[in-house]
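To start, the structure itself, in structure tokens.
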Amino acid sequence: MLFDAKSMDRVVVLAGGTGSVKLARALYRLKMDKNSNYDSKIHDIHLSIVCNVGDNIWMHGLYICPDLDTIMYGLGGVLDRRRGWGLIDDTFNCLAQLARLGGEHWFMLGDKDIATHIIRSMMLREGKRLCEVTDHLCSRLGIDARVIPASDDHVETRIITDSGDMHLQEFWVKHKGMPDVKSIVYRGIDDARVCDDAINAIEEADKIIIAPGNPVSSILPILSLRGLRDAMMRVRERCTAVSPIIGKDPVSGPAAKYMRALGYDISPVSVAEMYRGVISKLVIHNTDLEYMDAIRAKGIDVYATDIIMDDEHDEARLASYLLRL
Ligand code: FO1
């Protein structure tokens, strides 16, 4: 694809959670900063983020969509960068009062963050679809990109552990990721309908990027939706993934535990295997050259660069690299 041949490139990112938001917001910044001196050859971008919904959870009568919110707050410039989730400068007075009154308080909902969940839950109760609610929230946050939930329906990533079957948030936050993981299921995935807007965005995209999110809890719940995987297979030639694994370790989070539970070794080769059929290119870290042949053997082109995103400059460098690939 010649990026210099047109004035607008349609870019879709498949994303979920704290690992993905760095890349998503870097692409957004490149799009918004038309006068960026970083890379003047990059054209205007129409950006859509198709977001995981498997970590959504009902709590206190509110519908909380952590991956959607992380992406929305990231693009809106209001994400707490240190934690990687929630709103910057938020306070936790409501949570403290919940604790005092004997309510559940293991999930750190900030006071300002709760406003998002109140509006969302209210609109859903009025009969609006999750994608309509998300459009509304993005518009109120002044975001000039589409954030599209992969499905309007409730899909729940369940972690089957030696201490029982639990919601992903219970496993990761309440139990601090400690129990042994036996398997992982996406409850409701067979009946969930993929959002039409997600399919349309994918089919019309010049470039589709799978962000370096947790493959098991952020990306596979998107790719496991009926219809979405088929759409991705049709556009495979335009799809690039960034490895969330460097060497034998995930960049962050519980990816290793989840991947092992599904029978995968922890390496970029396993990432290639998990995304086989939906990507034509995989970008790995520049210290992982030893894996390149094994990835190529799966029919996937492989590129090595610095994929660590410690600051805004790193994020911009990787986003720019991906747009030029
Ligand atoms: N992660 C935590 O580790 N502890 C929390 O208390 C917590 C609260 C929370 C509240 C709102 C939100 O949008 C995200 C929150 N997260 C929290 C992050 C979340 O558990 C995960 O990082 C994602 O669901 C995984 O993609």
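See the values below:
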item	result
Total residues in region 290-302, condition in a strand (DSSP E or B) and either acidic (Asp, Glu) or open to solvent by 70 Å² or more (accessible area, probe 1.4 Å) (or both)	1
Pair list, Cβ < 7 Å and 6+ apart or interchain, from region 59-87 residues that are in contact (Cβ under 8 Å) with a residue 24 or more places away in the chain and under 16 Å from Gly16 (Cβ atoms) to residues that are more than 9 Å from the ligand (Cβ to nearest atom) and of a type in the set (Ser, Thr, Tyr)	Leu68/Thr134; Leu75/Tyr28
Matching residues, region 159-169, being closer than 16 Å to Ala256 by Cα and either charged (D, E, K, R) or not in a helix (DSSP H, G or I) (or both)	Ile159, Ile160, Thr161
Residue match in region 132-144 (condition: farther than 25 Å from Ile199 by Cβ and either modelled with pLDDT of 95 or more or surrounded by fewer than 21 Cβ atoms within 10 Å (Cβ to Cβ) (or both))	yes
Complete set of residues in region 82-105 that are touching a strand residue (DSSP E or B) at 6+ places or on another chain (Cβ under 8 Å) and either surrounded by fewer than 17 Cβ atoms within 10 Å (Cβ to Cβ) or of a type in the set (Gly, Ala, Ser) (or both)	Gly86, Ile88, Glu104
Candidate set: region 154-169, residues that are under 21 Å from the mean Cα position of the chain (by Cα) and of a type outside the set (A, V, I, L, M, F, W, C); chosen: the one surrounded by the fewest Cβ atoms within 10 Å (Cβ to Cβ)	His154
Residue in region 99-110 that is in a helix (DSSP H, G or I), within 11 Å of the ligand (Cβ to nearest atom) and either under 23 Å from His154 (Cα atoms) or not hydroxyl-bearing (Ser, Thr, Tyr) (or both) present	no
Qualifying positions in region 170-195 - open to solvent by less than 30 Å² (accessible area, probe 1.4 Å), within 16 Å of Tyr258 (Cα to Cα) and outside any loop (DSSP other than H, G, I, E, B)	Phe171, Val181, Ile184
Residue check for Arg236: of a type in the set (Lys, Arg) and touching a Leu at 6+ places or on another chain (Cβ under 9 Å)	no
Every pair of residues 6+ apart whose Cβ atoms lie under 9 Å, when the first sits in region 280-293 and is among the small types (Gly, Ala, Ser) while the second is surrounded by fewer than 20 Cβ atoms within 10 Å (Cβ to Cβ) and part of a loop (DSSP other than H, G, I, E, B)	Ser280/Gly299
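The values are calculated or read from the model by the stated rules, or taken from the named source; none is laboratory data. Not measured: the values here are computed from a predicted model. Quick reminder, even Gly has a Cβ in these numbers, built from the backbone with ideal geometry, and neighbours come from all protein chains shown. Surface accessibility is based on the protein's heavy atoms, side chains included, excluding ligands, DNA and RNA. Shrake-Rupley method; radii C 1.70, N 1.55, O 1.52, S 1.80 Å.
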